[in-house]
Amino acid sequence: MRKTQLVLLTFGAAVLAGFATATPAAARDYPWCAQGGGYDYPGECSYDTYEQCQASVSGRLLYCDRNPRFAYGQGQLAQPRPQRRVRPVAPY
């Protein structure tokens, strides 16, 4: 009984450590979109290459086109960092 509790406690600690070290996925726009069918504009934009997109749309009445954000130069805009305000520290 004591051995089972120790194993469960160790397993629980390992699972919690895994969640604590996991980083969230970064949002990213891909250069190719599957368009047509039931997809709204611009479509399902989750393909790095045209070939990946073509393989995915094969037989689904869809077509591949450039992601408009990439086609018109709006891909991955850098967010400006706000300036830090520096307050002088009074000497003691």
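The values are calculated or read from the model by the stated rules, or taken from the named source; none is laboratory data. What you are looking at is a predicted structure, and each value in this text was computed from that prediction instead of being measured. All Cβ positions, glycine included, derive from the backbone under ideal geometry; neighbour counts span all protein chains shown. All accessible areas refer to the heavy atoms of the entire protein, side chains included, with ligands and DNA or RNA removed. Shrake-Rupley method; radii C 1.70, N 1.55, O 1.52, S 1.80 Å.
What the table shows:
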| read-out | value |
| --- | --- |
| Count of residues meeting criterion [surrounded by 12 or more Cβ atoms within 10 Å (Cβ to Cβ) and modelled with pLDDT under 90] in region 47-66 | 0 |
| Residue tally, condition in contact with a strand residue (DSSP E or B) (Cβ under 7 Å, 6 or more places away or on another chain) and in a loop (DSSP other than H, G, I, E, B), over region 50-76 | 2 |
| Long-range neighbours under 8 Å by Cβ, at least six apart or interchain, first residue outside any strand (DSSP E or B) and at pLDDT 80 or above within region 21-45, second open to solvent by 90 Å² or more (accessible area, probe 1.4 Å) and charged (D, E, K, R) | Pro31/Arg66; Gly37/Arg60; Pro42/Arg69 |
